[in-house]
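All remarks here apply to the structure that follows.
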Amino acid sequence: MKIDVLLGLQWGDEGKGKIVDVLTPNYNIITRFQGGANAGHTLEIGGDKHILHLIPSGIFHSDTVNVIGNGVIIDPYILNKEIDNLRLKKVNAFQNLLVSKKAHLILPTHRLLDAVYERAKGKLKIGSTLKGIGPTYTDKVGRNGIRLGNITNRKFIDKYNLLKEKHLRILESYKWDEKDFLIEGLSFSDYEKSWFAAVENLKSLKLIDSEYFIDQSLVDHQRILAEGAQGTLLDVDFGSYPFVTSSNTTCSGVCSGLGVAPNRIGKVYGIVKAYCTRVGSGPFPTELFDTTGERLRDNGKEFGSTTGRPRRCGWLDLVALKYAIMLNGVSSLVMTKADVLSGFDTIKVCIHYKVNGEIINYLPFEIMNEDIEPVYHELKGWEADISNLTSLDELPQEFNDYMRFIEDFVGVPFDIVSIGPGREQTLMINKNL
Ligand code: IMP
């Protein structure tokens, strides 16, 4: 057996959570492999909205095993809260959630470091979600981190204090003052107390060596789906550096974030929103600053599910999409939020960039400093609301033309179209998934 992968091809917020939830009946195991609670995967089930930050989006299916792999970084306070919220919805996460012992912990001081680093960057700030992602991955790579498997060790508190002291020394150099920073609405001291209480609760989690678990599950013919977080253009190596997150959001992250060999990767689903959005700072060649951008934001309810920030909106960028498909080896495309484009007379897609008068078809290295002008191809829009359609035959011709144009440009077919947030608002093009 091979492990299938589902990931975002833009700057995150492509609607991955919903598609994982829709595909979950085809799988026995859903697993996260990178990122942390900077992610916010929204699922709408029976009109009820659920936002997951750390737990894989298969958790609402009682017979699915959900695995948080070693490449994910975990804030115990947030994971514990997420488990509590699920309990209110009658989902017992302790039952079918397995977590890698090798996943690193986000300490309260990592959250503070994230905040002081961002403040110090001034105008050049990344626009981080301030969940402690950058500082925690820095400590992991710097070989200073603490892993989830350490929480049951009697030396855990010594390790914690050692790392905390180190962080406090850095914080002092940034002239840190406790009263300037709240974490999840709490003072540092209160947060730290709740953090330790959460660590106690998490001792009841099933901690595993996820690489052995995944390997055995593949041998046992279990079907596994790896669920990406953020998006390809936020990848620490291939995204618009330094305006990126701190993990490999691309397919290679599955290998390192779960311990899966490259030859065991199967189908790769690439999720692409029908237009583009981005939260936080950084280049966005097709960004719209006019009423069309506002209309996309309003129609698409484009406000961050983790931070509530308004998302920047623009037309679909096929140069960037082709790059993302190349990096990930995407074999199957999924279009999300197709319904949001209803009612536009004209729809534009970026097919080249113009830099210093020259037409180019790649993402330039100095993407931040170059003046990139998108070159658009225009297609006719469609009037009809498509959010309640139940069959592919009912889709307007103009919508089909839009899909065909994208498929022809990037050379990969669409297998699924999502026309709204609900499970039922999903049209399967490929019936053999
Ligand atoms: P960080 O990973 O929280 O440090 O944020 C780094 C950049 O990635 C910022 O621009 C964030 O807005 C963006 N980002 C992080 N996680 C997500 C996500 O799940 N969706 C969309 N953008 C994200």
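Since every read-out is calculated from the coordinates, none of them should be taken as a lab result. Just so you know, these numbers come straight off a predicted model, no measurement behind them.
Structure above, values below:
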item	result
Extension gain (nm, one decimal) between residue 356 and residue 309, 0.36 nm per residue minus Cα-Cα	13.6 nm
Projected area, mean over directions - the chain, Cα convex hull, nm²	20.6 nm²
Rg ratio (alpha-carbon, reference 2.2 N^0.38 Å) - region 253-370	1.21
Cα shape, region 61-111, gyration tensor, a/c 1.5 rule	oblate
Convex hull volume per residue for region 310-417, taking Cα atoms only, in Å³	126 Å³
Zero-based 5 Å bins, Cα pair distances in region 129-267, whole percents	2, 7, 12, 17, 17, 17, 15, 8, 3, 2, 0
Convex hull volume of region 192-274 per residue (C-alpha atoms, cubic angstrom)	160 Å³
Mean ellipticity per residue at 222 nm, deg cm²/dmol - from DSSP H runs of n ≥ 4 across the chain, formula -39500 (n - 2.57)	-9000 deg cm²/dmol
Percent of Cα-Cα distances greater than 20 Å, calculated over region 1-116	40 percent
